[in-house]
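The structure appears below as C-alpha cells.
Every number in this text was worked out from the coordinates using simple rules, so none of it is lab data. A quick note: this is a predicted structure, and the numbers were derived from the prediction, not measured. Please note: Cβ atoms are built from the backbone with ideal geometry, for glycine as well, and neighbour counts cover all protein chains shown.
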Amino acid sequence: MANRLAHETSPYLLQHAHNPVDWYPWGREAFQRARDENRPILLSIGYSACHWCHVMERESFEDAETARLMNELFVNVKVDREERPDVDAIYMQAVQAMTGHGGWPMTTFLTPELVPFWGGTYFPPDDRHGMPSFRRVLHAVADAYRNRPEDIQRVAASMREMYALSQEKARRTGALTADALDRATRALLAQHDAADGGFGGAPKFPQPMAMEFLLQRWARTGNEAALEAVRHSFLAMARGGIHDQIGGGFARYSVDAQWLVPHFEKMLYDNALLLRLGTHLLQADDAHPAASEVRAACDGIVRWLAEEMTSTEGGFHSALDADSEGHEGKFYVWSADELRALLGDDAPRLMTYWGASDTGNFEGANILHVPDPRRPPPPDVLDRARVTLLRARGERVRPGRDDKILASWNGFMLRALAEYSASAAAGEMAVRNAEFLHSAMIRDGRVLRSYKDGEARIPGFLEDHAALGLAFLAVYERTFDRVWLDRARALAHATVEWFWDDATNAFFDTASDHGELITRPRSLSDNATPSGTSLAAELLLRIGNLFGDAELARRATFTLETLSEPMARHPLAFGHALCAADMAVHGAVEVALVGDPRSAALRALGAVVGQRFVPSRVLVAGAPGTLPDLPLMANRHEISGGPTAYVCRGYVCERPVTRPDELWDQLELVSRG
C-alpha cells in the first residue's frame, strides 16, 4: 500500500512511496500531528542518486519491523534535499554541530516545534563497526524524549542559540583588495596536488569554482602556476575514470586521489560547472597541445546532456544514479572478455589506451581511463570503438534518472552552454532551455524551484533567481536579443525585493514570505554549487554595471566585503565568491559592439569576444541609439561605415576598432587591468 509520498512529484520521494513507513512530506499535516500527539519527528533527508540512501532504504525503511517502530514512536518526514535545500541546510548545520560531520542519508530527530535535538547520517540495520543499529537508535531517542525531557530541551535550546547567530547583522570582515585575492591564490596553489591534479587527497572533488578563480588570477597577473594548476587538473580528470570515456560527462567525485574510481552518480550541476571551466580554459589556452582533450571533454558533456538529460520540453534533468541492478557502477564497467569480443582486432591497442586488463581495476572489472595519452589510437578507431561500446552499454539495465528539473541547476548548465561558443548545438540547446525556463518556471516575476510532469512547484530560493539571472545574461550575450537582458534585470531586482533583509544587511536563502521554518537560512560558502549569496553578488555587479545602477553594485560589494577575510583564508569554500570579488576589485571589462547584431561583420567581432578569456567581462550589442538606457552604449557610433567595437573600463574606452584582430589585442591588454 502506498503512503503519502505517492502524491509527490520528486523521484526521490516517489522511491519511498511504497515503504511500510508512514512517511509524510515536509509540511503542516505532519507538524500538526506531532504537536497534537506530542511525538518527536523523525526527519530523513536524501536524494535520488545517493548510494547510501538506497542502502538504508533497503536495510531499514523496507523492513517491516523497523517501519513498525518508526510508525509507533515518531512522525516520519521524508525530504528531497535537492527540492528543499533550505530544510537540508538548517538540519545539516545541526547534525554537523552535534556529531562533527554530515552527509546523506541524514537522519535528524526534531521536537514538534521543529527544533533538532539529535541526529546522524547512515545507520546500519545491526550494530556494526562501532555504529549502533538503527532500531537501537529509534528506541534510545524515543526513550529520551519520553523520560528525559529536560535533556531534550537543553539540546534544543543550544540549537536555537546556534540558529540565532545566523540572524545577526552582517558586518564587513575586510576590504576587497587585489592583495586579498592574491592571498587566496597562494592558499589554493599550496593545496594543489601537483602529482595528480585537483586539491587535497581522497576522496577528491573537482572544485571547478576554485579553478575558475585561478584562471582569473592568471589572466589578471600572468601567474603561469595558476594556469598550469587548472590545465593539469582538468586534463587529469578528463583522462580519469571520473570522466565517462564512452558516454561523456563526469561523475560526482573520485574515491581515490588519482581520479580513477568514481562515485558513479552523474549530477547536472557538476557537469555544468565543468563545462564552463573547460570553455574558459579553451579561451585562455587554445593553442596548448592538449587543448583537443579539453574540447573533447566539453563536447562529451554537451552530447551526454542532449542524449540522456534533456526533457521533451527542453529542460535538463537532475541526475543519474550510481547504481543499477543493486550494484554501484555496474552500468559503466567492462570485463576484458567483453572488450575483446566487442572491439575485435582493435582490442589490444584500445585496451592498452584505456588501461583495461584481465585483472581489472574495480572489483575485477575495468573502469576505462587514459593512463598514458601520448600514443592515442587514430581518431577513427576511437570513434568507432566508442560507438560500439555505447551501443552495447545501451542494452544494459540503465541507472535510474532523477527527471525533475531544478531551476538553479538548469541555470548553471544554461550559462555554460551559452558561453560554449565552440558548439552550435550548445547554442541551440541554450536558447530552447532558456525559453522553457522562462515560460514554465517563472510565475509573477518569481522563480519556482522544481518542475516535473507539467507542474512547477516550491517557491524558488535565492540561488534559483540569481542563477537564472546570470544564465539569461549569458543567453543575451550569445543572441543579442534584448528580451534576455531585461529578464535578467528583473530577476536581479527580485533577489533584492524578496531575499535581501535590511535589518540584517544580508541576503537570505529563502524569500521573506517563505513557509514554516525554525530559522531563515543564510548559506555563505560555496559548496558543490555556488551559494545563493555569491550568485546574487555577481548578478548585481553585472546588472549594476550594465544599467549604471550604483545601488545594486554597492549592495553586491558590501555582501562580498562581509566574506573578504574568510575568502582569503579558506578559498576552497568560496570559489564563486572569489570570482565575483574579482569584478568588485578590478571592475568590469566592458565591451560594446555597435552595429546591426544580425550582420556578419558584427558577429565576427562577437566571435572574438567569445573566444577570448577575459575576467569579469560584460558585453552589449546594438545599432546606434537603440539601447539608450545602457550607459555603455551612450554616444557610441559606427566608424568607417561598419560595426565597431569599444573596449572600456568604467565606461572609459580604448580607441574604437573595426577589425577582429585589433579587438583581440585590446581584450588581452585590458584584461590585465
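Figure legend: label point modelled 7 angstrom from the Cα of E228 along Cα→Cβ; residues of the stretch 277-304 with amide N under 16 Å from it are 288-290. Could you pull out the pairs from K169/K452; K169/K266; K266/K452; K169/K204; K169/K404 whose alpha carbons sit more than 27 Å apart here? As for pairs spanning more than 27 Å Cα to Cα, those are K169/K452; K169/K266; K169/K204; K169/K404. Packing around the peptides 16-25, 170-179, taken as the average count of other Cβ atoms within 10 Å per residue, puts them in this order, highest first: 16-25, 170-179. Classified by the C-alpha gyration tensor, the stretch 589-671 has an oblate form. Its axis ratio a/c, with a ≥ b ≥ c, is 1.5 or above, and a/b does not exceed b/c. For the peptides 337-349, 394-406, 527-539, the ranking by packing is 527-539, 394-406, 337-349, with the highest mean count of neighbouring Cβ atoms within 10 Å listed first.
Which order do the peptides 507-515, 312-320 take when ranked by the mean count of other beta-carbon atoms within 10 Å per residue, highest first?
312-320, 507-515
If R0 is 22 Å, the Cβ-Cβ spacing of A550 and T504 corresponds to a FRET efficiency of close to 0.50. For the stretch 332-395, the direction-averaged projected area of the alpha-carbon convex hull comes to 4.1 nm². The alpha carbon radius of gyration of the stretch 248-362, expressed as a multiple of 2.2 N^0.38 Å, is 1.21. Shown for the chain is the translational diffusion coefficient from the Stokes-Einstein equation, using the Kirkwood radius over Cα pairs, a temperature of 10 °C and a viscosity of 1.306 mPa s: 60 µm²/s. For the stretch 119-197, the fraction of alpha-carbon pairs lying more than 16 Å apart is 75 percent, rounded to a whole number.
Cysteines of the chain lacking any other cysteine Cβ under 4.7 Å from their own Cβ: C298, C579. Based on the convex hull around the alpha carbon atoms, the stretch 564-617 presents an average projected area of 4.6 nm². Binning the alpha carbon pair distances of the stretch 4-165 at 10 angstrom intervals from zero yields the distribution 11, 43, 38, 8, 0, expressed in whole percent. Spatially, the stretch 358-378 and the stretch 565-587 are offset by 38 Å when compared through their Cα centroids. When you restrict to C-alpha pairs under 8 Å that are six or more residues apart and normalise by the size of the chain, the relative contact order lands at 12 percent.
Can you tell me how much longer the chain between R598 and R340 gets when fully stretched, taken as 0.36 nm per residue apart minus their C-alpha distance, in nm with one decimal?
Details: separation 258, 0.36 × 258 = 92.88 nm, distance 5.21 nm.
Extending this stretch completely gives an extra 87.7 nm.
The fewest-to-most ranking of R487, R84 by surrounding Cβ atoms within 10 Å reads R84, R487. Each helix, a run of at least 4 DSSP H residues, gives -39500 (n - 2.57); summed and divided by the residues of the chain, these come to -15000 deg cm²/dmol at 222 nm. With the simple spin-label model, which puts each label point 7 Å out from Cα in the Cβ direction, the E29 to T99 separation comes to 2.8 nm.
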